[in-house]
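Participant: Mind looking over this structure? Questions follow.
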Amino acid sequence: MAAALGKIQQFVTISGGDSGRRQDRAERVRTLFRMLVGDTPCIERRAGATHLVVACTRPDEPQPSIGCGHGKPFLFRAGSPIHTARGDFDANALLAAAQSAPVLARALEHYDGQFALLACRGDTCSPLLVTDPLGQFHVYTARQDGLVFHSSSSLLLAALTASDFDGTSVREFVARGNCFSDRTLFSTVRKLPGASVIDLDASAEAPPSRYWQLADALPQNTSAGTGVKEVGERLRDCITALRSQYPRPVFDLTGGFDSRIIYGAARQQGAADPPSTTVAGAPGDADVRCATQIAARFGSPHHTVSPLPGSVNLWQAAKDCLALTDGEYDLLEYAGIHAVQQRMRQRFGLSVNGSGGGLLQGYWWELLKPGLGEQGDFPFERVAARRLAPAPQAVALLKHTFNDSLADHFRDLAVAVDQPVSALPNTARMDHLLLRMRVQRWQGRIASSTSRFQDVVSPFLLRPVLEAVLDVPARRRDRGKACRLLLQELDPALARMPLDSGMPATPLTATTWPAHAVTGAQSAFRRVLMRARPNRIFAERATRIQVLLANQEVQDYLDMDHMRMADLFNAEQLEDVIQGACRGSAWNTTQLGRVLTLEHTARTLEKEGGYNPAVRF
């Protein structure tokens, strides 16, 4: 069976209603694509009772031949799927399985990464939509007037359905920089769950077929389980698979454990050439210094990239990122990520990062002590107060009076997320909470944005590795012991290189404790010296924000007489945020970025969507 396979940046599917209404909406989608994304070809297919509009092949690739031959099978992919067992993407095998959602779900056992697939065996067959196992690549749905829409862009669905802002999501975005549960910034748009196969011609109420459940991968006890050696072997296997499928990968390398472990697995994986590496930052940064030393020691081609050189117009760069982030990530912050990935895309075919490595270190487990590994009560209030709810000034920025505190709001969200795993040990429940509330929504939003123009993968979050990490006994993962053991197992020479803090990366043993003690004292002394010196980062941040605020358009965005979101914010608190950002405050700079992101999103919907969105609490 011949299949036309092409990487795509964005898609919209339109189901339900009659063909005339679907065609009318498809014309509107093409217009919105041109407005929101630019002058990029749109490709259309019709299958069953669904109309597909696929747009925006990535700029470095030829346009795939997926618009011709109506009646032929098709398979479109967005993001970066990886077959972890074989290392290739077998479009024909997936199309053969696309006869129904349950059959296709069984065929996805070894497909991983962050991606979405659209598959159909022919024009008379129901098209199927697939989301990745963890839901890292965000896919959305909306309904209007009997039509059901699915898309990789929540902003496009918002414009298509003239959606207002969702007040709860706006509150979360101002406080945390992303949205939670299945909500988006937009009241009519919802995020789809991961590991799902959805029949687009089926009833809107029909549940999707699930091909994996995170809850099933969590350990039932904290003592038995996988050793770190198994984690290392699975990491090497997955890196072999991704290198087979994606040429010219580049590996993030920093001063911590996560990216270093991935780099160590890549070094030992058996490739003839040492892996290429990259780090983002200024020459004096600890990450840059550490990564440069490691790359030089092992002969890796290394690239240090400044996120946004001073010559770059930060505001223009930020606005350009709206088509990637859908307004659901701080545009000022993502502009730096985008600049780094764009430069890497010019040289490399895949960006490999260490996201998810914190699971091996028992991330957030300190909140479970002294009852680590116990069953029963779970510290939802502590997690909400210390890890999810920010400082009180984030609440004061909004005019609206809420019936609960942010801590109570996030506690209730955590309780709902925990429900499927509430009988498990608290360590497994914390891992589940972290993956569902932080990795899927925060890291997933970054990954979804970057995947629109660059292939990207996080090996720690591929199922073979993730399942092994989650199964490592709690006593090994606590306090990061498993990270040191794994690095020592993978690459002893790399383990002997110090971390960015100056501490050894080797396990603490009878022979290594003197080195740990000495470098620990040295590291503490350096931290004291750094606090005594003028903070270069504060000064650079303050200068950049002052230049940003000198921009006439930015001034207009923040003028309460002109703001589209003026009714949302407390004027005095907003002025405090602006002044704090001018002084280099990290928190105020973050708040300013979120305010500007919401305002720019509102103005874009007004200009390109043709309506003025309100905020509905």
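The values are calculated or read from the model by the stated rules, or taken from the named source; none is laboratory data. Owing to the predicted nature of the structure, the values given are computational and were not obtained by experimental measurement. A quick note on method: Cβ atoms are made from the backbone with ideal geometry, for glycine too, and the neighbour counts reach across all protein chains shown. Heads up: the accessible areas ignore ligands, DNA and RNA and are worked out on the full protein's heavy atoms, side chains in. Shrake-Rupley method; radii C 1.70, N 1.55, O 1.52, S 1.80 Å.
Participant: If you take the residues in region 186-195 that are in a loop (DSSP other than H, G, I, E, B) and farther than 15 Å from residue 210 by Cα, which one is least open to solvent (accessible area, probe 1.4 Å)?
Facilitator: At the first step, the residues of region 186-195 found to be in a loop (DSSP other than H, G, I, E, B) are 187-189, 192-195.
Checking which are farther than 15 Å from residue 210 by Cα leaves us with 187-189.
Working: 187: 43, 188: 50, 189: 0 Å².
Among residues in region 186-195 that are in a loop (DSSP other than H, G, I, E, B) and farther than 15 Å from residue 210 by Cα, the one least open to solvent (accessible area, probe 1.4 Å) is 189.
Participant: Are there strands (runs of 3 or more DSSP E) fully within region 113-185 with at least 2 residues that are more than 28 Å from residue 409 (Cα to Cα) and touching a strand residue (DSSP E or B) at 6+ places or on another chain (Cβ under 6 Å)? List them.
Facilitator: Numbers: elements: 128-131, 140-144, 147-151.
By residue number, 128-131, 147-151.
Participant: Only one residue in 419, 342 is in a helix (DSSP H, G or I) and free of Cβ contacts under 8 Å to residues at least 12 places away in the same chain. Which one?
Facilitator: On the way: 342 fails: free of Cβ contacts under 8 Å to residues at least 12 places away in the same chain.
Just one listed residue meets the conditions, 419.
Participant: Let me ask something else about it. Pull out all pairs, ordered by first then second residue, where Cβ-Cβ is under 6 Å, the residues are six or more apart or on different chains, the first lies in region 221-249 and is without any contact (Cβ under 8 Å) to a residue 12 or more places away in the chain, and the second is surrounded by fewer than 21 Cβ atoms within 10 Å (Cβ to Cβ) and not in a helix (DSSP H, G or I).
Facilitator: none
Participant: Residue 81 is checked against (1) within 16 Å of residue 245 (Cβ to Cβ); (2) modelled with pLDDT under 85; (3) touching a Phe, Trp or Tyr at 6+ places or on another chain (Cβ under 9 Å) and fails just one. What number does that condition carry?
Facilitator: Going through (1) within 16 Å of residue 245 (Cβ to Cβ); (2) modelled with pLDDT under 85; (3) touching a Phe, Trp or Tyr at 6+ places or on another chain (Cβ under 9 Å) one by one, residue 81 breaks only (2).
Participant: So which residues in region 88-103 are farther than 17 Å from residue 132 by Cβ, within 28 Å of the chain's Cα centre (by Cα) and part of a loop (DSSP other than H, G, I, E, B), if there are any at all?
Facilitator: First, the residues of region 88-103 that are farther than 17 Å from residue 132 by Cβ: 88, 92-93, 95-96, 99-100, 102-103.
Narrowing the set further to residues that are within 28 Å of the chain's Cα centre (by Cα) leaves 88, 95, 102.
Answer for region 88-103, where residues must be farther than 17 Å from residue 132 by Cβ, within 28 Å of the chain's Cα centre (by Cα) and part of a loop (DSSP other than H, G, I, E, B): just 88.
Participant: While we're looking at this one, here's another question. Would you be able to say whether some residue in region 266-278 is under 30 Å from residue 543 (Cα atoms), of a type in the set (Asp, Glu), open to solvent by 50 Å² or more (accessible area, probe 1.4 Å) and free of Cβ contacts under 8 Å to residues at least 40 places away in the same chain?
Facilitator: No, that holds for no residue.
Participant: Name the residues in region 84-130 that are among the small types (Gly, Ala, Ser), open to solvent by 30 Å² or more (accessible area, probe 1.4 Å) and under 21 Å from residue 356 (Cβ atoms), would you? Spell out the reasoning first.
Facilitator: Kept after step one, since they are among the small types (Gly, Ala, Ser), are these residues of region 84-130: 85, 87, 91, 93, 96-98, 100-101, 105, 107, 113, 116, 119, 122, 126.
After this cut, where a residue has to be open to solvent by 30 Å² or more (accessible area, probe 1.4 Å) as well, the list is 85, 93, 96, 100, 107, 126.
Hit for region 84-130 is 85, nothing else.
Participant: Right, another one. Among the residues of region 131-144, is any buried (at least 20 other Cβ atoms within 10 Å of the Cβ) and either modelled with pLDDT under 95 or basic (Lys, Arg) (or both)?
Facilitator: If we filter region 131-144 for residues that are buried (at least 20 other Cβ atoms within 10 Å of the Cβ), which is where we start, we get 131-142.
Subset that is either modelled with pLDDT under 95 or basic (Lys, Arg) (or both): none.
Taking every residue of region 131-144 in turn, none turns out to be buried (at least 20 other Cβ atoms within 10 Å of the Cβ) and either modelled with pLDDT under 95 or basic (Lys, Arg) (or both).
Participant: Now for a different question. If residue 398 satisfies all but one of (1) surrounded by fewer than 19 Cβ atoms within 10 Å (Cβ to Cβ); (2) within 30 Å of residue 566 (Cβ to Cβ); (3) not β-branched (Val, Ile, Thr), what's the number of the condition it fails?
Facilitator: Unmet for residue 398, out of (1) surrounded by fewer than 19 Cβ atoms within 10 Å (Cβ to Cβ); (2) within 30 Å of residue 566 (Cβ to Cβ); (3) not β-branched (Val, Ile, Thr): (1).
Participant: From 356, 376, which residue is surrounded by fewer than 20 Cβ atoms within 10 Å (Cβ to Cβ) and either closer than 24 Å to residue 303 by Cα or not charged (D, E, K, R) (or both)? I'd like the intermediate steps shown before the answer.
Facilitator: On the way: 356 fails: surrounded by fewer than 20 Cβ atoms within 10 Å (Cβ to Cβ).
One residue alone meets the criteria, 376.
Participant: Can you tell me which residue in region 479-494 is surrounded by the fewest Cβ atoms within 10 Å (Cβ to Cβ), limited to those that are on the phi < 0 side of the Ramachandran plot, in contact (Cβ under 8 Å) with a residue 40 or more places away in the chain and not charged (D, E, K, R)?
Facilitator: 493
Participant: Please specify each residue of region 72-87 satisfying the condition of being outside any loop (DSSP other than H, G, I, E, B) and not hydrophobic (A, V, I, L, M, F, W, C).
Facilitator: Taking region 72-87 first, the residues outside any loop (DSSP other than H, G, I, E, B) are 74-83.
Matches in region 72-87: 77, 79, 80, 81, 83.
Conditions (1) modelled with pLDDT under 95; (2) outside any helix (DSSP H, G or I); (3) among the charged types (D, E, K, R), marked per residue:
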{"site": "516", "(1), (2), (3)": "yes, no, no"}
{"site": "524", "(1), (2), (3)": "yes, no, no"}
{"site": "539", "(1), (2), (3)": "yes, no, no"}
{"site": "564", "(1), (2), (3)": "no, yes, yes"}
{"site": "588", "(1), (2), (3)": "yes, no, no"}
{"site": "598", "(1), (2), (3)": "no, no, no"}
{"site": "602", "(1), (2), (3)": "no, no, no"}
{"site": "606", "(1), (2), (3)": "no, no, yes"}
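Participant: Report yes if residue 106 is over 18 Å from residue 156 (Cβ atoms), assigned to a helix (DSSP H, G or I) and either at pLDDT 75 or above or out of contact with any Gly (no Cβ under 7 Å at 6 or more places or on another chain) (or both), otherwise no. Quick ask: steps written out before the conclusion?
Facilitator: On the way: over 18 Å from residue 156 (Cβ atoms): yes; assigned to a helix (DSSP H, G or I): yes; either at pLDDT 75 or above or out of contact with any Gly (no Cβ under 7 Å at 6 or more places or on another chain) (or both): yes.
So residue 106 passes the test.
Participant: Could you please find all residues in region 592-602 being touching a Gly at 6+ places or on another chain (Cβ under 8 Å) and either of a type outside the set (Ser, Thr, Tyr) or open to solvent by 30 Å² or more (accessible area, probe 1.4 Å) (or both)?
Facilitator: Within region 592-602, 594, 598, 600 qualify.
Participant: In region 373-402, how many residues are under 26 Å from residue 596 (Cα atoms) and polar (S, T, N, Q)?
Facilitator: Number satisfying all stated conditions: 2.
Participant: Collect the residues in region 230-245 that are open to solvent by 10 Å² or more (accessible area, probe 1.4 Å) and not basic (Lys, Arg), keeping them in residue-number order.
Facilitator: So in region 230-245, the residues open to solvent by 10 Å² or more (accessible area, probe 1.4 Å) come out as 230, 233-234, 236-237, 240, 243-245.
Those that are open to solvent by 10 Å² or more (accessible area, probe 1.4 Å) and not basic (Lys, Arg): 230, 233, 237, 240, 244, 245.
Participant: Moving on. Given (1) modelled with pLDDT of 65 or more; (2) over 24 Å from residue 447 (Cα atoms), where does residue 32 come up short, assuming only one miss?
Facilitator: (2)
Participant: Here is a follow-up. Within region 1-25, take every residue that is modelled with pLDDT of 75 or more, open to solvent by less than 20 Å² (accessible area, probe 1.4 Å) and touching a Lys or Arg at 6+ places or on another chain (Cβ under 9 Å) and give me the one that is farthest from residue 158 (Cα to Cα).
Facilitator: Checking each candidate, the answer is 15.
Participant: Which fully enclosed helices (runs of 4 or more DSSP H) of region 443-487 have 3 or more residues being farther than 16 Å from residue 224 by Cβ? Break it down stepwise before answering.
Facilitator: Numbers: elements: 444-450, 463-470, 474-477.
It comes to 444-450, 463-470.
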